[in-house]
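Every read-out reported here was derived from the displayed coordinates using simple, explicitly stated rules and does not represent laboratory data. Small disclaimer: the values here were computed from a predicted structure and weren't measured. Please note: Cβ atoms are built from the backbone with ideal geometry, for glycine as well, and neighbour counts cover all protein chains shown.
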């Protein structure tokens, strides 16, 4: 469970509301699903930068910009304030959060209409949107247990200012139940709680930036440098002290931010009394130079100069099934599939296997029906029925007699994403952020001995926040959110704060955005006119795809990883004869060799075996032309749908290597194809 630190302490303002929103939807619901099954155990990782912000909402210091604006009477809102609200009030999963609320869906359709904008909404409609947005983010515990939430859901529309503010106050009050709830479950020994360095930094990069080279030799590092080892230690010390204050004991386990590890990172954790840590199976494969899956299913330890630390490596496939795939299946089917995978591991193992399943605790559930409650209840019920399998806490593993630890002599550097640090360093935008950090850190080093203790503490906190991983996540083309410009602004604001606290002039380059809020960041560009390309596996002629629709797969709105994409762009369009064309492009496509592509069009699944030649085939009464060369090109004959749900999965040697979209499906929409594009 993690959120970056969204508060600017120097202006005393929380700039984004995601801690609050996930708190009312996920942070209580997910352990609540578990509590109903007393025999099922799980470890919850709570990041200090999240917990301290929850405390800020409780003690009144949060000053959340979005929520404070929500509290205002809509009739008093200025145009700029309405514009700010417009960036958020439709940021909810359309299928599972918006559509179930009829009035919310009605307002969304109005907003999405051609040539529409937020300015078309009356004050009464904006008030409805404010309440409906909050209700959409309320989790199942609140929907079942809170009388006000139940009443407002039943009312459906025509809300008053008093009802809105009563709801906000009720939700604030609910936050006080969160941390005591986790404590209760931990005291009952149903869960264990681990933690992370305070502001979620990539520790190996702070300790020694060369760890990025160790993880991937050809990575391009920033042109500048600075020393951050002290901040690495401070991030861990602060996390341990904060955890002890909150939970009355020191943490035994750590999930290093993004599973990022190195020998020096584990040694640092050991020096602070950490007994176990987790990372990804790719790190183990690189460490052992062996990708035999059976090696994954055992506990390991690493002896450091500061003591031994037990290590657990997550099963990437099983973890990603829950994070990415099972939202598309029924709850029963998904639970059964998961347990069948476990059964296969059990039957094929030469000794008792330990299978770590570790995944994001908050972002996937909005893509599931019913905030994933049905899935988890089916999964926990089925696991509870298996005599050959039990869930255990990482703390308990050393006491299990037939699980023997294997000692590692060293550990490869890397993270849970591709076993390297590419998400946080190496691209021009990411390196620019590091160079601004280095500029700020080197200026600080020149004057730090002259700063008084209070100023020094404030500066150190600003640095620790700026070193958090999340700012770098949104730089570059790996991930996309409509709010990436806000993440950029917040990152640079912390650097400005450092200079201002030191009474030094802020360098001009810190004021220059690293990313810009502009139309180039559109994920989906709609088709403008008919197309009629030649199906040859190449975008042979620029003009044949000139008016097509385009989806930038790299910039899919997701806080989950999509950096290893083979297919980076999807081009699509229809011709005058009702044929659909798809072209899938990416730098790695040509190197695929033979592969399988599964395409879903409006709940019909088509499976294509691709080789480097032109094919004409039929499946389920539908004819296709297929071609593969520089790209993957498909023609679907007699395609008459005006709007179609679409997704694809790419398989190589029967192993899934890509899925798009990660959770849901996207929509190819030809209903109002040319309404915005008449030629003059």
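For segment 131-224, what does the alpha-carbon gyration tensor say about shape, rounded, prolate or oblate, given a ≥ b ≥ c as the root eigenvalues, a/c under 1.5 as rounded, and a/b over b/c as prolate?
Prolate, because a/c is 1.5 or more and a/b exceeds b/c.
Which value in nm describes the separation of the simple spin-label points at residue 530 and residue 69, placed 7 Å from the Cα toward the beta carbon?
4.5 nm
Please compute the volume of the convex hull spanned by the alpha-carbon atoms of segment 7-180 and report it per residue in Å³.
About 131 Å³ per residue, rounded to a whole number.
Between residue 511 and residue 455, what is the FRET efficiency for a Förster distance of 22 Å, r being their Cβ-Cβ separation, to the nearest 0.05?
0.45
For segment 195-313, what number results from the quotient of the Cα radius of gyration and 2.2 N^0.38 Å?
Output field value: 1.09.
So how much slack lies between residue 337 and residue 148, counting 0.36 nm per residue of separation and subtracting their Cα-Cα distance, in nm? Could the numbers behind the result be given before it?
On the way: separation 189, 0.36 × 189 = 68.04 nm, distance 3.82 nm.
That pair, residue 337 and residue 148, stretches by 64.2 nm at full extension.
How much of the DSSP beta bridge set in segment 195-313 is antiparallel, as a percent to the nearest 5? Each step should come with its number before you reach the end.
On the way: 5 of 12 bridges.
Taking every DSSP beta bridge with both residues in segment 195-313, the antiparallel ones total about 40 percent.
For a quick check: sort 622, 43, 195 by the number of other beta carbons within 10 angstrom, fewest at the front.
622, 43, 195
Expressed in nm to one decimal, what extension gain is obtained for the pair residue 290 and residue 93 from 0.36 nm per residue of sequence separation less their Cα-Cα distance?
66.9 nm
Grab every C-alpha pair in segment 428-517, bin the distances at 5 angstrom width from 0 up to the longest one, and report whole percents.
Spelled out bin by bin, segment 428-517 gives 3, 14, 28, 23, 16, 10, 5, 2, 0 percent.
Starting from the Cα of residue 544, step 7 Å along the direction of its Cβ; do the same at residue 160; then give the gap between the two resulting points in nm.
A separation of 6.5 nm, rounded to one decimal place.
Pairs of Cα atoms under 8 Å, at least six residues apart: use those to get the relative contact order of the chain, whole percent. Present the calculation step by step, with values, prior to reporting the outcome.
Values: 1146 pairs, mean separation 80.8, N = 680.
That works out to 12 percent.
Kindly identify segment 296-424 as rounded, prolate or oblate by the Cα gyration tensor criterion: order the square roots of the eigenvalues as a ≥ b ≥ c, call it rounded if a/c is under 1.5, otherwise compare a/b with b/c, prolate if a/b is larger, else oblate.
oblate
Once a ≥ b ≥ c are taken as the square roots of the eigenvalues of the Cα gyration tensor of segment 300-356, is the result rounded (a/c under 1.5), prolate (a/b larger than b/c) or oblate (a/b not larger than b/c)? Intermediate values should be presented prior to the final figure.
On the way: a/c = 4.89, a/b = 1.91, b/c = 2.56.
Because a/c hits 1.5 or more and a/b fails to exceed b/c, segment 300-356 counts as oblate.
Please work out which option in (i) 25.8, 84; (ii) 63.3, 176; (iii) 25.8, 79 gives Rg and Dmax of the Cα atoms in Å calculated from these coordinates, and answer with its label.
Read-out from the structure maps to (iii).
Among DSSP beta bridges whose residues both lie in the chain, state the antiparallel percentage, nearest 5.
Percentage antiparallel, nearest 5: 75.
What distance in nm lies between label points placed 7 Å from Cα along the C-beta direction at residue 106 and residue 249?
5.3 nm
If you count, for each residue, the other Cβ atoms within 10 Å and average over each peptide, how do 260-271, 309-320, 225-236 line up from highest to lowest?
Put in order of decreasing packing, that is 260-271, 309-320, 225-236.
What length, rounded to one decimal in nm, is gained on full extension from residue 347 through to residue 620, with 0.36 nm per residue of separation minus their alpha-carbon distance?
Gain on extension, residue 347 to residue 620, equals 94.6 nm.
Kindly rank 110-117, 649-656, 420-427, 486-493 from highest to lowest mean number of other beta carbons found within 10 Å of each residue.
Averaged packing, sorted descending, gives the order 420-427, 486-493, 649-656, 110-117.
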